Amino acid sequence: MVTVKLLKIAHGRSGDKGNGSNVGIIARHPDIYPFLKENLTADRVKEYMKHICKGEVERYEMPNIGALNFILNESLGGGGTVSLKLDAQGKTHASTLLRMDVDVPDELLAKVG
């Protein structure tokens with residue numbers, strides 16, 4: 001096992017929907033998706049993003065594209081049109097999550113170089 005940033009094994013996109021942000025985490029290799037599915041839980045994302053997300057975190061699995069989608073409820077200070085937050089649309093939330101440390105088996109790291 002090696003501790004790396006999530007960014008090493010996945011990439012992501014994020015945006016907004018009202019007062020919630022939407023964070024998609026996509027495996028960099030098909031063999032990494034099962035690892036993400038097992039290790040990147042809604043509870044773990046909630047704990048890591050607790051300084052941003054004040055509500056529940058919902059997780060949706062998208063195995064056909066090797067991705068997980070997280071909804072971070074109550075993370076935008078009311079939403080883009082009413083919030084005083086610097087990032088009221090959640091565009092940086094994927095970048096923040098991709099900096100999470102994860103312990104990854106060596107054989108999976110070899111798949112992404």
* Which ones in the stretch 1-26 are among the aliphatic types (A, V, I, L, M) and more than 11 Å from the chain's Cα centre (by Cα)? -> Met1, Val2, Val4, Ile9
* Inside the stretch 8-34, can you point out the residues that are surrounded by fewer than 20 Cβ atoms within 10 Å (Cβ to Cβ) and in a helix (DSSP H, G or I)? -> Lys8, Pro30, Asp31, Pro34
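If a residue has to be at pLDDT below 80 and not hydroxyl-bearing (Ser, Thr, Tyr) to count, how many in the stretch 46-88 make the cut?
Number of matching residues: 10.
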* Is it true that some residue in the stretch 98-113 is surrounded by 13 or more Cβ atoms within 10 Å (Cβ to Cβ), within 12 Å of the chain's Cα centre (by Cα), at pLDDT below 95 and in a helix (DSSP H, G or I)? -> no
* Within the group Glu56, Glu47, Glu74, Glu61, which residue is under 14 Å from Met100 (Cβ atoms), of a type outside the set (A, V, I, L, M) and out of contact with any Asp or Glu (no Cβ under 6 Å at 6 or more places or on another chain)? -> Glu47
* Asked: In the stretch 12-45, how many residues are modelled with pLDDT under 95 and touching a Cys at 6+ places or on another chain (Cβ under 9 Å)?
  -> 2
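The values are calculated or read from the model by the stated rules, or taken from the named source; none is laboratory data. Note that the structure is a prediction, hence the values are computed from the model and not measured. For neighbour counting, all protein chains shown are included, and Cβ atoms are generated from backbone atoms with ideal geometry for every residue, glycine included.
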